[in-house]
C-alpha cells in the first residue's frame, strides 16, 4: 500500500482536543493516559505504536468503551449500575491542537483504500492502513 503524501496532508485537520474524555477501568485511574498494544481498528499489527482513543463527550465514550456491540441482536438492553462503577472518566486537556487524519467522509476513497479500513466489522484493513501511515 502506498499512500499519496499530498492527499494525507489534505486530510490532516487541526483539532482542539481540550476537554475530550476517556472511559477507563478504575484499576487504571492513576494513569488515565496509559496505553497498551491493543487489537483495535487502527492498532499496529506489529506493535510499533500505541493509540489513545478519546471522545468528544461522555455519551460517545460510554457507547464506544462500555456498550460497543454488546446489544447487537438482543432484545434486552440493560447495563447494571455496578458495571458502570468499575469505570472512571478522565477529562483530557491538551494545550496545543493536534493534527489528525480525517477519514470520516471521502478520506478513504481519496487515499485509494477500501472503506473496510474505516467501517467494516473486521479490523484487519484498518490496522494495515494505520501501519502504513
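The values are calculated or read from the model by the stated rules, or taken from the named source; none is laboratory data. Keep in mind it's a predicted model, so treat the numbers as computed, not measured. Positions of Cβ are generated from backbone atoms using ideal geometry, with glycine treated the same way; all protein chains shown enter the neighbour counts.
For residue 108, the conditions (1) touching a helix residue (DSSP H, G or I) at 6+ places or on another chain (Cβ under 6 Å); (2) in contact (Cβ under 8 Å) with a residue 60 or more places away in the chain; (3) in the same structural domain as residue 129 (by TED's automatic domain parsing) are fulfilled apart from (2). Of the residues examined, residue 14 is one that is loosely packed, with under 14 Cβ neighbours inside 10 Å, more than 16 Å from the chain's Cα centre (by Cα) and modelled with pLDDT of 90 or more. The helices (runs of 4 or more DSSP H) found entirely in the stretch 1-89 that carry 3 or more residues being over 24 Å from residue 133 (Cα atoms) and out of contact with any helix residue (DSSP H, G or I) (no Cβ under 6 Å at 6 or more places or on another chain) are 58-62, 81-84.
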